[in-house]
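Engineer: Handing you a structure now.
The values are calculated or read from the model by the stated rules, or taken from the named source; none is laboratory data. Keep in mind that this is a model prediction, so the values were computed, not measured. Here the Cβ positions follow ideal geometry from the backbone for every residue, glycine too, while neighbour counts run over all protein chains shown.
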Amino acid sequence: MSISTKRGDTGTTGLLYGGRVRKDSARIECNGAVDEAQAALGYARAVVLSAGSSGPGNLTGDALDGMLVSIERDLWVLMAEVATADNKRVKLVAGTSLVTQEMVDVLTSRVTALEALQIVPK
């Protein structure tokens, strides 16, 4: 089985639920940036899990890992929403492919809690 489609590259990419946009569109650029953030979070998880120690403040390694996994999952939801054409948004499901206010509120609370730790880099 070949990975080549033998159809060439038209400079566009497919969206979730159909439609196409240019590969240099803001929508695709945004998803690329979110994907990079997920990669950084994955690396952070690997570091936390290999260290086997506690994180800043009273966070255990497992608690910090759980927080990072949750953020990664929320970013997948964001990527689905961004990758959907405006006329297909009715197909999105809150919390699965559409970011909810509750998701934003939880992230905001986590940021506030982490900022309160006043972590100073060494």
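Engineer: For the stretch 78-94, state whether one or more residues are within 30 Å of residue 117 (Cβ to Cβ) and under 19 Å from the mean Cα position of the chain (by Cα).
Structural biologist: yes
Engineer: Identify the residue in the stretch 47-62 that is part of a helix (DSSP H, G or I) and surrounded by fewer than 14 Cβ atoms within 10 Å (Cβ to Cβ) and, among all such residues, is modelled with the lowest pLDDT.
Structural biologist: Taking the candidates together, the pick is 51.
Yes/no matrix, rows are residues, columns are (1) under 24 Å from residue 12 (Cβ atoms); (2) surrounded by fewer than 16 Cβ atoms within 10 Å (Cβ to Cβ); (3) of a type in the set (A, V, I, L, M, F, W, C); (4) touching a residue at least 60 places away in the same chain (Cβ under 8 Å):
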residue: 70; (1), (2), (3), (4): no, yes, no, no
residue: 74; (1), (2), (3), (4): no, no, no, no
residue: 78; (1), (2), (3), (4): yes, no, yes, no
residue: 82; (1), (2), (3), (4): yes, no, yes, no
residue: 89; (1), (2), (3), (4): yes, yes, no, no
residue: 93; (1), (2), (3), (4): no, yes, yes, no
residue: 99; (1), (2), (3), (4): no, no, yes, no
residue: 106; (1), (2), (3), (4): no, yes, yes, no
residue: 115; (1), (2), (3), (4): no, yes, no, no
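Engineer: Another one. Taking only the stretch 67-122 into account, find how many residues are among the hydrophobic types (A, V, I, L, M, F, W, C) and over 16 Å from residue 17 (Cα atoms).
Structural biologist: 17
Engineer: Could you please find all residues in the stretch 1-44 being β-branched (Val, Ile, Thr) and either surrounded by 11 or more Cβ atoms within 10 Å (Cβ to Cβ) or at positive phi (or both)?
Structural biologist: 12, 13, 21, 28, 34
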